[in-house]
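Working notes, beginning with the structure itself.
Since every read-out is calculated from the coordinates, none of them should be taken as a lab result. Owing to the predicted nature of the structure, the values given are computational and were not obtained by experimental measurement. Neighbour counts run over all protein chains shown; Cβ positions are idealised from the backbone, glycine included.
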Amino acid sequence: MAMSKEWKTENEDGSITVRTSAWSPPGDHPVGYGMKLTVKGGKLIKVEGDEEHPISQGRLCVRNLTLADYVHHPSRILTPMKRKLEDRGKNKWTKISWDEAWDIIVPKIKEFKEKHGAESIIVFGGTGRQACIYYYPLGFASIGTPNVCYPLSGWSCYGPRCSITDYVLGAGYPEIDYAGFYEDRYDDPRFTLPELIVEWGKNALYSNPDGFFGHALIDMMKRGTKMIHIDPRITWLGTRCEEVCQLRPGTDSALGLGFLNVIINEELYDKDFVENWTYGFDELKERVQEYSPEKVAGITWVPADQIRRCARRMATAKPCSIQWGLATDENPNGVQMGHAILSLMAITGNLDVPGGVTIGPPAALLGKWRVETRRNLSEELWEKRIGAAEWPALSTAMATTHPDETLDTLESGKPYKLRMGWFNSSNFITPTCSAQPDRWYHALKSLEFNVVQDIFMTPTAMAFGDIFLPVSTFAEQDGVVVTHFGRNAVTLGPINEALRVGDTKSDIEVCIELGKKLHPDMWDYKDVPDFFTQQLEPELGVNFDKLREMGVFQPKYIYKKYEKGLLRGDGEPGFNTVTGMVELSSTLFEAWGDDALPYFKEPPYSPISTPELFKEYPLILTTGARKVTSFHSEHRQIAVLREIDPDPEVELHPSTAKTLGINHGDWVLLENMFGKAKLRAKVTPTIHPKVVHATHGWWFPEKDAEEPSLFGVWQSNINTLVPHKHIGKLGFGCPMKQMICKASRLDSFDSYNIEV
Amino acid sequence: MSEKETKNGLLIHYQWCTGCHACEVAIKKILNLPVGKHGIKMLEHGPWEVTPGKFEWDYLPVPTQLVGSNPELAPGEDVKFAVKHCNAKCMEYGPLDELAKKAAELGNRVAIFTV
Ligand code: SF4
Ligand code: SF4
């Protein structure tokens, strides 16, 4: 059923209802939930799901249900502001107009470029919000710097998985086939229901990862799909699964190799696929001999018979789909983990088949323009990108700087001094996308001029902003939302402006406005709808207005593209890799100095790699599992959501809590050799006695805004316990989910103050 | 409420309730309720270990006496608003006798509330 053509209707009471597709801000991933927003007198008076939307079908998450609380929040920043350099860290802002803001920003950029070169300017981007598409062109084409930085150590979110897929499969992002390409979804005859889904290092229900509508898992389980969860914690989802492999955090690649051992040695793999479409099977076969289920059980804590049972199930369930999570990225051994998982998908014959794992084409939908904005930079300038030469495996697939090298550069002034920062929707001194945010905090103080683009005053903005530019929410802008940021475009939806509160601008509006002032040749667009029309028409044959009328665009999916010559630029069958095959043995990993085959490496700090330290810090720390009530550091000021999740939380096993004298609800101090954080104890039997889990993203909008408090950002900052530059050989991954720590009871939150 | 309306119920197939809070927040919004008050409150039971490695862990949204408290809404409109937003599609609003039949078909982990 197509959606109705009408996207904007006037109601009897004079209110207007606008159909839109949700993205961010307020943050979520690019699911593009179908929504109807009703506006009257400049206020959102009703927010609801759109039943016609083929994926969300009227459903909404709590972050979208509270959209009006966010849009109309009294502490939202609604006009540009400036602050004197000496007042950084103080709440001494002056409201200004956009023109005044540009009159300060534009000459500054020109001055830095002239005196120190464009590379002295750096753009920082956050995660998951719309900005993560636009911060690249903002840097390359509006400002003209090669230095665009996603600051998370080892680029540990999504980027590693995309890069690994690019190198091993030569394709876009692999995702469960959830019939998202079809209007009538699961009933479409082209679709086959997965018999088994393996959810690995992920809990899609609460994270809607990268645009996958998480509750599609429930839709499919109700129809008969069975699941296996691979996770250090038994989650609610785990209680609805056939099996839970409760592994030791960070040992995933060993587990993957153990599964491969069983499938290969018991000859359960898809012989036809392996013979015709893979490269390096014999080498992989030899490698997995080092990973018998018994040995892997010792490493991972997953019993050998369970490893065998799950491996057999994965190989014989038809079709079987695997969904890999952020745990793949947040692991210095993650490239190997990802390689092992892709190998499992491939040799079980589940790649690019109905109900298996769908793969996007090698080039991202609407990605062409993003890549092309780089032509604004000369070769010479492009080569100055920080860390690019040292880390080719990262810089080949990612257009950013190397995050860890960037911190080193800020601290050392080498190879050159960074002078101006532009923080685009990135609040990374809170425990979100940086390791050791306290180190970043000190290092960032050396920047001479900073622009912050955000919705609310954040700890990062309070610490560093000289100019604050207010961003509009997705309810207040025209745009496009595409799942997986275009790398596996299941749906593409229009974002339609329903209202505008205050004097705010969207990311793309800022790009265009600033771009026209500095590099007008790069920004030949009349306005935002014209910009999107120029993106959409060549690739999809629809203009922006047509997309608004369609409500959602579901690109046609073709299975077994590798048989039909649809993955390679030359039109030949096969995969878009060096060998033209799925590279079970990777040509590129080897060329870049790593092992061509997957292997297991102990986490940098663990009972095995640092036994002495483990005596002092006898708990394994894993972080970052998502709550439905927030998107990373967002939403802490939304009262209805805070009512549900008021505090940062640490999960402890009852036996561990008892030994430590900690009761459910107590404040707990977690600490290790790098940092400290206070969190409230949640005592639960679903976590292993040797493991604790801590939530991330915490700051306290209700606490003192000024330095040194910065909204209490150092009090529950779990990322201070995660070290800088403990990354994999290829430059990817960091130990966000496999550190060590100790825990002790606090009398109260205020009984202990953390300073950095 | 009239006789007829009291015969409606809310069925929850809590085998699938993921604890996403959407029903709770949706009804709070349509009833204009502040922090601390609920039209539906989602409760959590468990997790506790039944046998080693096997857990009892359920979420169960419970309607409160504030259902029907917004005079501007038609009867049942608030509950329907919650049901529509349920991410697991594990809620159903309708005549009690029909829901009872449905419950029998669905098997375990089903609750019916009168609303
Ligand atoms: S950290 Fe998770 S939620 Fe955030 S952008 Fe990455 S995958 Fe998405
Ligand atoms: S909306 Fe549905 S899945 Fe979510 S808590 Fe309510 S009943 Fe459960």
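The Cα atoms of segment A:674-756 define a convex hull whose projected area, averaged across directions, is 7.0 nm².
Per-residue shielding of A:683-695, expressed as the average number of other chain Cβ atoms within 10 Å of the residue Cβ, stands at 1. Checked against a 18 Å cut-off, the cross-linked pairs A:Lys627/B:Lys54; A:Lys690/A:Lys737; A:Lys8/A:Lys43; A:Lys414/A:Lys445; A:Lys115/A:Lys384 give Cα-Cα distances beyond that limit for A:Lys627/B:Lys54. Each Cα pair of segment A:284-345 feeds into the Kirkwood radius, which the Stokes-Einstein equation turns, at 4 °C and 1.567 mPa s, into a diffusion coefficient of 101 µm²/s. With contributions of -39500 (n - 2.57) from each DSSP H run of at least four residues, the per-residue ellipticity at 222 nm computed over chain B stands at -7500 deg cm²/dmol.
Taking B:Lys89, B:Lys80, B:Lys41 in turn, the Gaussian network model of chain B (Cα-Cα springs below 10 Å) assigns the largest fluctuation to B:Lys89.
Helices of chain B meeting both criteria, an alpha-carbon length of 30 angstrom or more along the long axis and an average Kyte-Doolittle score not below -1.0, with helices taken as full DSSP H segments, do not occur.
Rounded to the nearest 20 debye, the dipole size of the protein assembly as shown about its Cα centre is 1120 debye, using +1 on the Cβ of Lys and Arg and -1 on the Cβ of Asp and Glu.
What the phi angles of segment A:702-711 give under the Karplus curve with 6.51, -1.76 and 1.60, with θ = phi - 60°, is a coupling list of 7, 8, 3, 6, 7, 5, x, 5, 6, 6 Hz, glycine and proline written as x.
Working note: Debye formula, equal point scatterers on the alpha-carbon atoms of segment B:3-114, no solvent; log10 I(q)/I(0) at q = 0.17 Å⁻¹ is -0.80.
Over the residues of chain A, the helix contribution to mean residue ellipticity at 222 nm works out to -8000 deg cm²/dmol, using -39500 (n - 2.57) for each DSSP H run of at least 4. Projection of the Cα convex hull of segment A:576-722, averaged over all directions and equal to a quarter of that hull's surface, yields 13.0 nm². Peptide packing: for A:140-146, A:575-581, the average count of neighbouring Cβ atoms within 10 Å per residue gives the ranking A:140-146, A:575-581, highest mean first.
Near A:Asp87: Cβ cut-off under 15 Å, other residues only, Lys/Arg at +1 and Asp/Glu at -1. The net charge is +3. Amide H contacts of A:Ser716 (H built 1.01 Å from N, in plane; Pro and chain starts excluded): A:Lys678 sit under 5 Å, all sequence-distant by 5 or more or on other chains.
Karplus-based coupling profile of segment A:372-377, in residue order and whole Hz: 5, 4, 5, 5, 5, 10, with θ = phi - 60° in 6.51 cos²θ - 1.76 cosθ + 1.60 and x standing for Gly or Pro. Taking amide H positions as modeled 1.01 Å from N, with prolines and chain starts lacking one, the residues under 5 Å from A:Val481 and 5 or more places away or on another chain are A:Gly493, A:Ile495.
Taking the Cα centre of segment A:611-751 as origin and assigning +1 to Lys and Arg Cβ atoms and -1 to Asp and Glu Cβ atoms, the resulting dipole is close to 660 debye. Per-residue shielding of B:75-85, expressed as the average number of other chain Cβ atoms within 10 Å of the residue Cβ, stands at 2.
Dividing the alpha-carbon radius of gyration of segment A:87-236 by the rule-of-thumb value 2.2 N^0.38 Å gives 1.52.
For the protein assembly as shown, the share of alpha carbon pairs falling in successive 20 Å distance bins from zero is 15, 50, 32, 2, 0 percent.
Here the Karplus relation 6.51 cos²θ - 1.76 cosθ + 1.60, evaluated at θ = phi - 60°, turns the backbone of segment A:305-311 into coupling constants of 5, 5, 4, 4, 4, 5, 4 Hz, with x for every Gly and Pro. What net charge is computed for the residues neighbouring A:Leu268, neighbours being all others with C-beta under 14 Å from the C-beta of A:Leu268, Lys and Arg scored +1, Asp and Glu -1? Surrounding charge for A:Leu268 is +3. Close amide H pairs (under 5 Å, H built 1.01 Å from N) link A:Lys46 with A:Thr38, residues at least 5 positions away or on another chain. When Rg and the Kirkwood radius Rh are both evaluated on Cα atoms of segment A:8-71, their ratio Rg/Rh stands at 0.96. Can you tell which of A:Thr358, A:Val198, A:Gly574 lies farthest toward the positive end of the dipole of the protein assembly as shown, using +1 and -1 charges on the Cβ of basic and acidic side chains (Lys, Arg; Asp, Glu)? About the Cα centre, the residue reaching furthest to the positive side is A:Val198. Straight-line cross-link reach from A:Lys560 at under 20 Å between alpha-carbon atoms covers these lysines, not counting any fewer than eight positions away in the same chain: A:Lys271, A:Lys318.
Mean per-residue shielding of peptide A:597-609 is 0, counting Cβ atoms of other chains within 10 Å of each Cβ.
Checking the Cα-Cα distances for B:Lys29/B:Lys80; B:Lys7/B:Lys80; A:Lys222/B:Lys29 against a 18 Å cut-off, the pairs over it are A:Lys222/B:Lys29.
Highest mean packing first, where packing is the average number of other Cβ atoms within 10 Å per residue, the peptides A:582-593, B:17-28 line up as B:17-28, A:582-593. Peptides A:393-399, A:519-525, A:118-124 ranked from most to least packed by the mean count of surrounding Cβ atoms within 10 Å: A:118-124, A:393-399, A:519-525. Positive end of the dipole of chain B (Cβ unit charges, origin at the Cα centre): among B:Leu66, B:Ile27, B:Gln15, the Cα lying farthest that way belongs to B:Ile27. The fraction of Cα-Cα pairs per 5 angstrom bin, counted from 0 for segment A:18-134, comes to 2, 9, 13, 14, 16, 14, 10, 9, 7, 4, 1, 0 percent, rounded to whole percents.
Among residues other than A:Val71 with Cβ under 11 Å from its Cβ, the summed charge is +1 (Lys and Arg +1, Asp and Glu -1). Computed over segment A:158-261, the P(r) tail beyond 20 angstrom holds 47 percent of alpha carbon pairs. Within straight-line reach of A:Lys285, meaning a Cα separation under 19 Å, sit the following aspartates and glutamates at least 8 residues removed in sequence or on another chain: A:Asp252, A:Glu266, A:Glu267, A:Asp270, A:Asp272, A:Glu275, A:Glu294, A:Glu583, A:Glu590, A:Asp594, A:Asp595.
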